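**Q** Pasting a structure here, questions to come.
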Amino acid sequence: MTALTLTTSGAASLRADVIVVGVAKSAAGPVVAAGAEAVDKGFDGRLAAVLETLGATGAEGEVTKVPAPAGFKSPVVLAVGLGREPEKDEAYGTESLRRAAGVAARSLSGTKKAGVALPVESAEDVAAIGEGLLLGSYAFTVYRGGEKKTGAKAGAKAGAKDAGQKEPLAEAVLIGAKPRDKAHKAAADRAIALTEEINRARDLINTPSNDLTPAGFAALATTAAKEHGLKVEVLDEKALAKGGYGGLIGVGQGSANPPRLVRLSYTARGAKQSLAFVGKGITYDSGGISLKPAGHNETMKCDMSGAAAVFAAVVTAARLGLKANVTGWLALAENMPSGSATRPGDVLRMYSGKTVEVLNTDAEGRLVLADAITRASEEKPDAIVDVATLTGAMMLALGNRTFGIMANDDAFRTSLHEIADEAGEASWPMPLPADLRKGLDSPIADLANMGERMGGGLVAGIFLREFVPEGITWGHLDIAGPAFNEGAPFGYTPKGGTGSAVRTLVGLAEHAAAGDLG
C-alpha cells in the first residue's frame, strides 16, 4: 500500500518524482489552489496561464503535467482539477480534495514518490487528502502474471510486475501537513487505518468465488480477528441447523460450499454505547432455482460486499481504539441451484421462529440477513445497521453511485444520512411505506420473501423490519449500486469492488464512541 507521510518542507526543496498541485475552475479560467504558492512562484505567477495554454480548465478529474520550474528538486508538476472554485471565505470541500487526491494517485502509477501540495487548512483536509491518495492508488492484481497466488490473501499489489503493469504510487508526502501537530498526525493515522481496511474489503469483493467461499471468508475473518484482538465465533452448517437458522441454511443448502455465520466482536473499556453491524455475505449468487438471466451472473462475486464492509468496519474500530462496543455479523452463503436447493414455494422456519414462503430464490439476501438480525438483536445493542447489495430496484431508484438508507426511526435514518455525507459517501433516505407490507402476506406462512414489484427496494426493507424486535433501533443500507463499479475508475474509486459503506459504518461507530448515535 502507498506510504503516507507529512512534511513542512517546501515544494521546491522536496526530492520527489512529481509535485501535485490543485487547480480550480472559475469564470475567468483556471485558478491555482492554495498550497501551490511556491510552485506558482517558480512559474513567476503564471502557472494558471501555462496550464490554460495546455487546455486545462480546473474541471474535476482533469490532469495536466508540466515540467517543474528551474530550481525545483522534482522534475514534474502534476495539476489536478478540483472543480468549481469556492466562494470568497469558503474552503474546498473535503470530498473535492478526496477525489482530486484519488485522481492524482491513479495518474501516478509507477511513480516512487510524489509531493502533494493540495490545500491543507485543517486536520479534516489532511484526512480527506490522505484517504483519497491511499484509496486512489489501490490496484487488484492478484490474478495477473504466472506466479501462483492465493486470492485475497496475496494482497492487492502482488503480481503487478509479473503482468508488466505499473505498480501503485509508492509514497505520497503531504506538503503543508505538520507531522508534529497532534491533530494532523491523528488524521493521517486514521486515514491509513481506514483505507487499509477499505482496501482489504475491496480485495475480498474482487476475489473470484472459487477462491472465496463462505468457509474461506470465515477463515480470513478469524485470522484478522486474532491479529487485531477481536473475539470471533463461527457457526458452521451443523451449528446453524441445530440453532434453527432456517434462512442461512435454506439459501446455502443448494451449494457444495455450506454457509457460515461469523460473529466478530470488538469490546472497548469504558464504552457507553454498542452497535451491531450485519452484512449480507453471498459469496456467489446464481439466483438459485430462480436462475438469473444471462448477463446478470458475471459480477455476482460482489454479492458479499455488505459482509466485507462490516468486516472492515469492525477491524477499523479496533485499530482506532474507539470507545464503543462494535459487533459484526457476517451472514455467509453461496446461492446455487442443485437437487438440494430451496425451491420456489418452499417454506423456511427462520431463526426468529417466523415462517417464510420463498416465492423467489433470488431474493435470498433478505433471508440470511433476517436470521443474523434476529441473532444480533438478542444482545440488545443500542442500534443495528445491516448492509447489503440487496435489490436491483435500489439501483433503478438511485443509480450506481448512491446507496439507500431505511430505518425504523426517522431520526436515526437522518443521522445515518448525515454521517454518510460527512464521510463522503453518497446516500439518500428512503421510506418504508405501510401500504407495501400487505404485499408480503402469504396464504400459508407468516410472510413471503417477495411483495409488490414496484418499490421492490422498499419492500425488501419492510421484510427485514419484520425481524427487528420492538425497542431496537435499526437501519438498513442498500448498497447495490455503489458496491461494485463496472465502469471506468473515477476519483478515488477503482473499477470493481469499492468498499462502499465502510466509512459510514466507521463514522457511526465514532459517533457511538462520543455517546451520540442520533
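The values are calculated or read from the model by the stated rules, or taken from the named source; none is laboratory data. Keep in mind that what you see is a predicted model, and the values were worked out from it rather than measured. Glycine also receives a Cβ, built like all others from the backbone with ideal geometry; neighbour counts cover every protein chain displayed. To get the accessible areas, we keep the full protein, side chains included, count just its heavy atoms, and leave off ligands, DNA and RNA. Shrake-Rupley method; radii C 1.70, N 1.55, O 1.52, S 1.80 Å.
**Q** With a point put 7 Å past each Cα toward its Cβ, work out how far Lys182 is from Ala241 in nm, to one decimal.
**A** 5.7
**Q** Turning to a different aspect of this structure: Between the range 217-253 and the range 463-518, what is the separation of their alpha carbon centroids in Å?
**A** 21
**Q** Quote the FRET efficiency, to the nearest 0.05, computed for Lys65 versus Ala170 with a Förster distance R0 of 22 Å and r equal to the Cβ-Cβ distance.
**A** Numbers: r = 18 Å, r/R0 = 0.84.
Plugging the Cβ-Cβ distance into 1/(1 + (r/R0)^6) gives 0.75.
**Q** For every other residue with a beta carbon closer than 11 angstrom to the beta carbon of Asp478, add +1 if it is Lys or Arg and -1 if Asp or Glu, then tell me the sum. Don't skip to the end; give the middle numbers.
**A** Numbers: positive: Lys280, Arg366; negative: Asp386.
With Lys, Arg at +1 and Asp, Glu at -1, the net is +1.
**Q** Another one. Under a point-charge model restricted to the Cβ atoms of Lys and Arg (+1) and Asp and Glu (-1), what is the dipole moment magnitude of the range 1-145 relative to its Cα centre, in debye to the nearest 20?
**A** For this selection, approximately 740 debye.
**Q** Related question: Find how many whole Å separate the alpha carbon centroid of the range 297-317 from the alpha carbon centroid of the range 386-444.
**A** Here the answer is 18 Å between Cα centres.
**Q** Moving on. If you add up the charges near Ser377, with Lys and Arg at +1 and Asp and Glu at -1, over every other residue whose beta carbon is less than 15 angstrom from its beta carbon, what do you get?
**A** Working: positive: Arg263, Lys354, Arg375, Lys380, Arg465; negative: Asp371, Glu378, Glu379, Asp382, Asp386, Asp409, Glu466, Glu470.
Cβ neighbours under 15 Å give a net charge of -3.
**Q** To the nearest 20 debye, what is the magnitude of the charge dipole of the range 275-393 about its Cα centre, counting +1 on the Cβ of each Lys and Arg and -1 on the Cβ of each Asp and Glu? Could you put the intermediate results ahead of the total?
**A** On the way: 11 positive and 13 negative charges, 52 e Å.
For the range 275-393, the charge dipole is close to 240 debye.
**Q** Students sometimes get this wrong: rank His228, His184 by accessible area, probe 1.4 Å, all chains present, largest first. Please report the intermediate quantities before stating the final value.
**A** Values: His228 45, His184 20 Å².
Largest to smallest exposure gives the sequence His228, His184.
**Q** Right, something else. Between Lys272 and Lys380, what length comes free when the chain is fully extended (0.36 nm per residue of separation minus the Cα-Cα distance, one decimal in nm)? Don't skip to the answer; put the middle values down first.
**A** Details: separation 108, 0.36 × 108 = 38.88 nm, distance 1.32 nm.
Separation in residues times 0.36 nm, less the Cα-Cα distance, equals 37.6 nm.
**Q** Estimate the FRET efficiency between Glu121 and Ile444 by the formula 1/(1 + (r/R0)^6), using the beta-carbon distance for r and 60 Å for R0, to the nearest 0.05.
**A** Working: r = 63 Å, r/R0 = 1.04.
Once the sixth-power term is evaluated, E becomes 0.45.
**Q** Given an 8 Å cut-off on Cα distances and at least 6 residues of separation, report the relative contact order of the range 20-70 as a percent. List each step's numbers first, then the result.
**A** On the way: 57 pairs, mean separation 17.6, N = 51.
In percent, rounded to a whole number, it is 35.
**Q** If you keep only loop residues by DSSP, which GluC sites (Glu not before Pro) in the range 40-113 have at most 15 other Cβ atoms within 10 Å of their Cβ?
**A** Sites meeting the loop and neighbour criteria: Glu87, Glu90.
**Q** Dipole size in debye (nearest 20) for the chain around its Cα centre, Lys and Arg Cβ +1, Asp and Glu Cβ -1? The partial results should precede the final answer.
**A** Details: 54 positive and 59 negative charges, 313 e Å.
Dipole about the Cα centre, nearest 20: 1500 debye.
**Q** So for the chain, averaging the separation of alpha carbon pairs under 8 Å that are six or more residues apart and normalising by length, what relative contact order in percent results?
**A** Working: 1316 pairs, mean separation 73.6, N = 518.
In percent, rounded to a whole number, it is 14.
**Q** What is the list of residues in the range 30-45 whose amide nitrogen lies under 11 Å from a point 7 angstrom out from the Cα of Asp89, following Cα to Cβ?
**A** From the range 30-45, the list is empty.
**Q** Past 32 Å, Cα to Cα, is the threshold; run Lys242/Lys323; Lys182/Lys272; Lys178/Lys380; Lys182/Lys226 against it and keep the listed order. Walk me through the numbers before you get to the answer.
**A** Numbers: Lys242/Lys323 35 Å; Lys182/Lys272 25 Å; Lys178/Lys380 43 Å; Lys182/Lys226 29 Å.
Cα-Cα > 32 Å for Lys242/Lys323; Lys178/Lys380; rest within.
**Q** Related question: Number of Lys-Lys pairs in the range 1-119 under 29 Å by Cα, sequence gap 8 or more or different chains?
**A** Lysine pair count for the range 1-119: 16.
**Q** In nm, what is the difference between 0.36 nm times the number of residues separating Ala294 and Glu227 and their Cα-Cα distance? Mind dumping the intermediate values first?
**A** Numbers: separation 67, 0.36 × 67 = 24.12 nm, distance 4.11 nm.
This chain segment gains 20.0 nm when fully extended.
**Q** Oh, and also: Please turn the phi angles of the range 121-137 into ³J(HN,Hα) values with the Karplus equation 6.51 cos²θ - 1.76 cosθ + 1.60 (θ = phi - 60°), one per residue in order, whole Hz, x for glycine and proline.
**A** Values, residue by residue: 10, 7, 5, 4, 5, 4, 4, 5, 5, x, 4, x, 5, 6, 7, x, 7 Hz.
**Q** Now a separate question. As I understand it, the dipole of the chain uses +1 on the Cβ of Lys and Arg and -1 on the Cβ of Asp and Glu, about the Cα centre. Which of His296, Pro67, Pro259 lies farthest toward its positive end?
**A** About the Cα centre, the residue reaching furthest to the positive side is Pro67.
**Q** Can I ask one more? Give me the number: length gained by fully extending Ser109 to Asp346, i.e. 0.36 nm times residue separation minus the C-alpha to C-alpha distance, one decimal in nm. If you can, show how the numbers build up before the last one.
**A** Numbers: separation 237, 0.36 × 237 = 85.32 nm, distance 5.18 nm.
Gain in length upon complete extension: 80.1 nm.
**Q** Just want to confirm a number: the relative contact order over the range 275-415, from Cα pairs under 8 angstrom separated by 6+ residues, in percent.
**A** Working: 236 pairs, mean separation 46.9, N = 141.
Once normalised by length, the contact order is 33 percent.
**Q** When only DSSP loop residues count, what trypsin sites (Lys or Arg not before Pro) in the range 371-468 have their Cβ near at most 10 other Cβ atoms within 10 Å? Walk me through the numbers before you get to the answer.
**A** On the way: sites: Arg375, Arg401, Arg413, Arg437, Lys438, Arg453, Arg465; in loops: Arg401, Arg453.
Here the trypsin sites (Lys or Arg not before Pro) that fit, given the DSSP loop and packing criteria, are Arg453.
**Q** Related question: Under a Cβ-Cβ cut-off of 12 Å, what is the net charge of the residues other than Leu322 that fall near it, where Lys and Arg count +1 and Asp and Glu count -1? Provide the component values of the computation, followed by the final result.
**A** Details: positive: Arg190, Arg269, Lys272, Arg319, Lys323; negative: Glu510.
Counting the neighbours of Leu322, the net charge comes to +4.
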